[in-house]
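Peer 1: Take a look at this one; I'll ask things after.
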Amino acid sequence: MRGAVAAFYVALTITNALTLTGSARTAMTLLAAVTAALLALAALPAADRPRLRWLAGGALGFLPVLDSVAQVAVTGQLHFTTLLMLALVGVGAAVPSRRVAAAATLGGLSGWAAAVAVRPELRTAELSHYAVQLVIAALLAAILHETVSRRQRQLRDARDEVAAVAERFTSLFHASPAGVGIADEHGRFVAVNPALCVLAGLSGDQLVGSSVRPYLDGEGEKRFVHPDGTERWAWLTVGHSSGGDGSWMLLQLQDITDRRRAEAAVRESDRLLAAVSAAARRIRTGEDARSTIIEAVRDLAEADNVTLLEPNPSGAEMVATGVAGADVLGTRVPLDGTSMISRVYRDREPIFLSDPAQDPRVSPALLKLVEGRSMLWQPVLVDGKAMAVLAVGWKRRVETVSDHRARAVALLADETALALDHERLLNRLEQMAFTDTLTGLPNRRAWQRRLAELMTQDRPLTVAIADLDHFKRYNDTYGHNAGDDLLHRSATAFAAELGPGDAIARWGGEEFVIALSGRTPDEAAALLERVRRAMPDAETCSIGYAVWHGGESSEQLLERADQALYTAKHGGRDAVCGASAPVTL
């Protein structure tokens, strides 16, 4: 479609060159040629590259509208409005972005109105006719855009649903946690999934083509002995499907090995589950779960002491942040690569030593503090990254760590990782909830909390609202990215003028709110003047402020500041205006 529109503008270029005269011919021929070239460039496959994606996206919608408005404005001929009508309808149908389509339509209408206002020769008897037709074309473009967008969404959803279903059916067989095999009418495997290979202890190549008879000795529990002597248990079910080529079979083997092991160790599992549940409850309630997890590790591993070590903010040391059974809280261990703690943290692998005193990597001073005769170091991992180390110590000699102890420590290390990651996530979410992402300033919620705190202090308080002048025009002229950059730099400049006891936040749009604490009205006014002059890029802002007298709410105080801002705006902008004192009855 872009190629067809480009061809149209090539024809329009030739038409302009042949029919127009003077400077209008030069300008419109050149503009139509540039439009045709850009549309042709957008139609090329290379337009999907990141550097040209802007052209194939939002910028494309403005080209025909700009060309059509220019055709009317430059030639001074009202009948070229029909080109603008066609451009609006075309943009409504071709541009996928509702925002871009609406902006292009509004821009076209505004540009046409501006051209009529500037060029007297356009104000003919046919003006109202073309104006009505142009509005109808804009409405038709909007209706067409919504219709096309809805249809495209429906088609996209349908296509995605079909693809998802196909992908699920394709991957279901291989991704099934149960062992699944398909046998043909000859009783031989034609397909097996990885889970069945694991249960049987054979590769897929060994199973495919082999007979299913060894697996069909009645349904129910099946025992598989692997070549290495290990055992696996599975529950077998068989399904039959009859067709023109004979009966095919579906064999499903559900691995029940873990269930049998769990039944054999139910008492130990109950203890472990209780410890994990206690830690999970503390994590969900936002409490510090370190002590609960450390005590659980000590109990389940039958250890004498457990220490949790976490890296300090600089990452140069590990610090003991949780301890049970030893007086080592706050102990620091350098991450210099020579200690056992440093190695476990770096390699992310657990290490057990029945006699750590014989290993030079273990600090004798640490062993003395915890009275350690045997030690286990377990890394705490989140997404494969080490976050901490659990050091488990026994005051008696322990030759080996049983599977139960090792499993308990590893599982509780995972709970420790969850607790630490949960704590980190909560801190991050709290920061995000009170921060404006564009400017980095506190947002409205943080402002309301901070203002409430300032209003409880027995100190002078001035509240101001700063509004960037002509910000919409700046956005329209330089683009939204430049507007966002101006907001960010303005916020930085404003904040730099404030003192440590002051507060600033983004109120919304191009408005900022400022609280000046402990300053007289004259001092506050002088500081706000400096804020006004701090606007970057020779842009201006208007500021309205109100001095709090203690008898009004925060909403009333901001309302007076807003009225002062209104006065500054209507007094010519680029000014600081103070509100009158509140009226008391």
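Peer 1: By per-residue mean of other Cβ atoms within 10 Å, what is the highest-first order of 527-540, 83-96, 189-202?
Peer 2: Most protected by this proxy first, the peptides run 83-96, 189-202, 527-540.
Peer 1: Still on this structure: Quick one: Karplus J couplings for the range 485-496, per residue in order, coefficients 6.51, -1.76, 1.60, θ = phi - 60°, nearest Hz, x for Gly and Pro?
Peer 2: Once θ is set to phi - 60°, the couplings for the range 485-496 become 5, 5, 4, 5, 5, 5, 4, 5, 5, 5, 4, 5 Hz.
Peer 1: Could you tell me the distance between the Cα centroids of the range 107-164 and the range 289-351, to the nearest Å?
Peer 2: Here the two parts' Cα centres lie 66 Å apart.
Peer 1: Using alpha carbons only, how many angstrom separate the centre of the range 220-243 from the centre of the range 457-503?
Peer 2: 70
Peer 1: In the range 438-454, whose amide N lies under 17 Å from the spot 7 Å out along Cα-to-Cβ of THR492? List them in ranges.
Peer 2: So the set is 438-442.
Peer 1: At a Cα cut-off below 23 Å, give the lysines reachable from LYS569, other chains included and same-chain residues fewer than 8 away excluded.
Peer 2: Partners within reach: LYS472.
Peer 1: Please list 437-443, 494-500 highest first by mean number of surrounding beta-carbon atoms within 10 Å per residue.
Peer 2: Peptide ranking by packing, descending: 437-443, 494-500.
Peer 1: A further question on this structure: Averaging sequence separations of C-alpha pairs under 8 Å and six or more residues apart, then dividing by the length of the range 285-358, give the relative contact order as a whole percent.
Peer 2: 19
Peer 1: Let me ask another. What FRET efficiency comes out for VAL34 versus LEU86 if R0 is 25 angstrom and r is the Cβ-Cβ distance? Round to the nearest 0.05.
Peer 2: 0.85
Peer 1: Tell me, what is the FRET efficiency for ASP485 and THR456 to the nearest 0.05, using R0 = 30 angstrom and their Cβ-Cβ distance as r?
Peer 2: Taking R0 as 30 Å, the efficiency between ASP485 and THR456 is 0.25.
Peer 1: Determine ³J(HN,Hα), in whole Hz, for all residues of the range 83-91 in sequence, where each value follows from phi through the Karplus function 6.51 cos²θ - 1.76 cosθ + 1.60 and θ = phi - 60°; x replaces Gly and Pro.
Peer 2: Those phi angles translate into 5, 5, 4, 4, 5, 5, 5, x, 5 Hz.
Peer 1: State the extension gain, in nm to one decimal, for the chain segment bounded by TYR478 and HIS174, taking 0.36 nm per residue of separation less the distance between their alpha-carbons.
Peer 2: Full extension of this stretch gives 104.0 nm more.
Peer 1: Here is a follow-up. From zero outward in steps of 10 Å, how is the percent of C-alpha pairs of the range 293-359 spread across the bins?
Peer 2: Going out from 0 Å in 10 Å bins, the range 293-359 shows 19, 47, 32, 1 percent.
Peer 1: Here's something else I'd like to know. List the residues, sorted by chain then number, that are 5 or more residues from LEU335 or on another chain and whose placed amide H is less than 5 Å from its amide H.
Peer 2: Placed amide hydrogens put GLU317, MET318 under 5 Å from LEU335.
Peer 1: Right, here's the next one. Which value, in debye to the nearest 20, describes the size of the charge dipole of the range 515-585 about its Cα centre when Lys and Arg Cβ atoms bear +1, Asp and Glu Cβ atoms bear -1, and nothing else is charged?
Peer 2: Magnitude of the dipole: close to 140 debye.
Peer 1: Based on the mean of other beta carbon atoms within 10 Å per residue, what is the order of 310-321, 456-467, most packed first?
Peer 2: So the order, starting with the most tightly packed, is 456-467, 310-321.
Peer 1: Another question about this same structure. Please tell me the relative contact order of the range 465-585 in percent, rounded to the nearest whole number, where contacts are Cα pairs under 8 Å and at least six residues apart.
Peer 2: Over the range 465-585, the number comes to 28 percent.
Peer 1: Here is a follow-up. Let's test the formula: R0 of 35 Å, r as the Cβ-Cβ distance of ARG361 and ALA534. What FRET efficiency results, to the nearest 0.05?
Peer 2: Here the calculated transfer efficiency is 0.05.
Peer 1: Another one. In whole Å, how far is the Cα centre of the range 543-565 from that of the range 84-104?
Peer 2: The range 543-565 and the range 84-104 have Cα centres separated by 44 Å.
Each value in this text was obtained by applying a stated rule to the coordinates, not by laboratory testing. Note that the structure is predicted; figures quoted are calculated from it, not measured. Cβ sites come from the backbone with ideal geometry, for glycine too, and all protein chains shown count toward neighbours.
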